[in-house]
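Report on the structure given below.
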Amino acid sequence: MTIIFAHRGASRQCPENTMSAFKRAVELGAGGIEFDIQLSSDDVPVVIHDRTLKRTASGRGTVTETPFSDLRKHDAGSWFSPSFKGELIPSLEEVLIFANQYPNLWLNIELKYYSDTNVKLAEKSIPLIKKHRSEKNTVISSFEHNRLVDVHKLWSKVETAPIYKASLHEPWDYAKNLKAKAIHPQYKTVDRSLTKASQSHGINVRPYTVNDERLIKQLLEWEADGIITDVPDLALKIMKNEHIPQERRSWLKAIWQFIKR
Ligand code: G3P
Ligand code: MG
């Protein structure tokens, strides 16, 4: 079954990568949450996307040059809407503790690297993730594929996934070489045959960031393992109300026409 991942939490309805966004994603019924982590200057893994605070928090400067206690002084909600004033930049541990209430919730934890920052990110975050979660329902992803090899050394049982933008030739072989069990490709590089071939090689496929109704429908039909989306509510609606495989659709149409006669 395709798992719907709320990208940076329910990021259309709440400020991205905040506890409100994660809670909202769960309320909407998302099967998983995706979020980005970096290290504070005193090596605390925190949940924030950009290298700097400018866009999503009230402060200035880079995340990796700011101590955790200072990061927590910033407002991470007002930029989105005044109703989210006082929202904090979460620590990774806070999100892990929250997620523990939902044993079936998938976590896609993306390790964010900006140039030479965050070098100790895997070393500092993997033991923490391991402490709070089993490898079940957890996937660690990154654009920095070499770092996924480090993750595998630290926690061989957890699923890792390279994120990539440009198309790759036979990405299942590339993933296997990294000891990854999944790929998280930009959706434009994905079609049915890539999905099926990857899965037949034991590699899960979770495209990002899929917000278009037609594309969501297609990925559901191709039985992608996950869809990373800013609109989990739309994806779930499509899944519940409209997603009927093509064969069944023709069948239902035939039955309906027969009844109408
Ligand atoms: O993990 C998929 C997606 O989150 C990667 O891009 O920039 O939104 O972290 P970005
Ligand atoms: Mg991300």
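The values are calculated or read from the model by the stated rules, or taken from the named source; none is laboratory data. All values reported here derive from a predicted model rather than from experimental measurement. Using ideal geometry, Cβ is built from the backbone for each residue, glycine included, and neighbour counts are taken over all protein chains shown. To get the accessible areas, we keep the full protein, side chains included, count just its heavy atoms, and leave off ligands, DNA and RNA. Shrake-Rupley method; radii C 1.70, N 1.55, O 1.52, S 1.80 Å.
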Fill in: Single residue of segment 141-166 satisfying the filter (within 16 Å of ligand 1 (Cβ to nearest atom), free of Cβ contacts under 8 Å to residues at least 40 places away in the same chain and of a type in the set (Gly, Ala, Ser)) that is most open to solvent (accessible area, probe 1.4 Å)
ALA166
Discussion item. Of everything in segment 100-121, what is of a type in the set (A, V, I, L, M, F, W, C) and at pLDDT below 95? Give them in sequence order.
Written reply: VAL119
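So if I check each of PRO90, PRO103, which one is buried (at least 21 other Cβ atoms within 10 Å of the Cβ) and within 22 Å of LYS131 (Cβ to Cβ)? Let's see the steps before the verdict.
Numbers: PRO103 fails: buried (at least 21 other Cβ atoms within 10 Å of the Cβ).
Just one listed residue meets the conditions, PRO90.
Looking only at residues in segment 12-53 that are small (Gly, Ala, Ser), touching a Phe, Trp or Tyr at 6+ places or on another chain (Cβ under 9 Å) and not in a helix (DSSP H, G or I), which one is farthest from ligand 1 (Cβ to nearest atom)?
Within segment 12-53, the subset small (Gly, Ala, Ser) is 20-21, 25, 29-32, 40-41.
Going one step further and asking which of them are touching a Phe, Trp or Tyr at 6+ places or on another chain (Cβ under 9 Å), we end up with 20-21, 25, 30-32, 40-41.
Next, from what is left, pick out any that are not in a helix (DSSP H, G or I): 30-32, 40-41.
Details: ALA30: 14, GLY31: 15, GLY32: 11, SER40: 19, SER41: 22 Å.
It comes out as SER41.
Name the residue that is nearest to LYS217 (Cα to Cα), counting only residues in segment 27-44 that are among the polar types (S, T, N, Q) and either away from ligand 2 (no atom under 14 Å from the Cβ) or surrounded by fewer than 24 Cβ atoms within 10 Å (Cβ to Cβ) (or both). Full working, then the answer.
Residues of segment 27-44 among the polar types (S, T, N, Q): 38, 40-41.
Checking the rest, the ones that are also either away from ligand 2 (no atom under 14 Å from the Cβ) or surrounded by fewer than 24 Cβ atoms within 10 Å (Cβ to Cβ) (or both) come to 40-41.
On the way: SER40: 39, SER41: 43 Å.
The residue in question is SER40.
Would you check if there is a residue in segment 190-198 being open to solvent by less than 30 Å² (accessible area, probe 1.4 Å) and part of a loop (DSSP other than H, G, I, E, B)? Explain how you work it out, then say what you get.
Going through segment 190-198, the residues open to solvent by less than 30 Å² (accessible area, probe 1.4 Å) turn out to be 190, 194-195, 197-198.
Checking the rest, the ones that are also part of a loop (DSSP other than H, G, I, E, B) come to 190.
Yes: one or more hits.
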Item to complete: Would you mind telling me which numbered condition in (1) out of contact with any helix residue (DSSP H, G or I) (no Cβ under 8 Å at 6 or more places or on another chain); (2) over 17 Å from GLY32 (Cα atoms) ASN137 fails?
Response: (2)
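Only one of ARG24, ARG72 is open to solvent by 40 Å² or more (accessible area, probe 1.4 Å) and touching a Leu at 6+ places or on another chain (Cβ under 8 Å). Can you tell me which? Working first, answer last.
Details: ARG24 fails: touching a Leu at 6+ places or on another chain (Cβ under 8 Å).
It is ARG72.
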Worksheet item: What are the residues in segment 50-95 that are within 25 Å of TRP106 (Cα to Cα) and either among the acidic types (Asp, Glu) or free of Cβ contacts under 8 Å to residues at least 24 places away in the same chain (or both), if any?
Response: ASP50, GLU87, GLU93, GLU94
Practice prompt. Provide a single number: the residues in segment 111-126 that are open to solvent by 30 Å² or more (accessible area, probe 1.4 Å), within 15 Å of ligand 1 (Cβ to nearest atom) and assigned to a helix (DSSP H, G or I).
Written response: 0
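Taking the residues in segment 168-189 that are assigned to a helix (DSSP H, G or I) and either under 12 Å from GLY226 (Cβ atoms) or in contact with a strand residue (DSSP E or B) (Cβ under 8 Å, 6 or more places away or on another chain) (or both) as candidates, determine which candidate is nearest to ligand 1 (Cβ to nearest atom). Can you show your working first?
Of segment 168-189, the ones assigned to a helix (DSSP H, G or I) are 171-177, 187-189.
If we keep only those that are either under 12 Å from GLY226 (Cβ atoms) or in contact with a strand residue (DSSP E or B) (Cβ under 8 Å, 6 or more places away or on another chain) (or both) too, we end up with 171-172, 174-175, 187, 189.
Details: PRO171: 15, TRP172: 19, TYR174: 17, ALA175: 15, TYR187: 10, THR189: 13 Å.
Among those residues, the one meeting the criterion is TYR187.
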Worksheet item: Scanning for something open to solvent by 30 Å² or more (accessible area, probe 1.4 Å) and more than 22 Å from ALA21 (Cα to Cα), does segment 45-55 turn up at least one residue?
Response: no
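Hey, any hits in segment 81-90 for a residue that's over 27 Å from LYS181 (Cβ atoms) and at pLDDT below 95?
Of segment 81-90, the ones over 27 Å from LYS181 (Cβ atoms) are 81-89.
Checking which are at pLDDT below 95 leaves us with none.
No: segment 81-90 contains no residue that is over 27 Å from LYS181 (Cβ atoms) and at pLDDT below 95.
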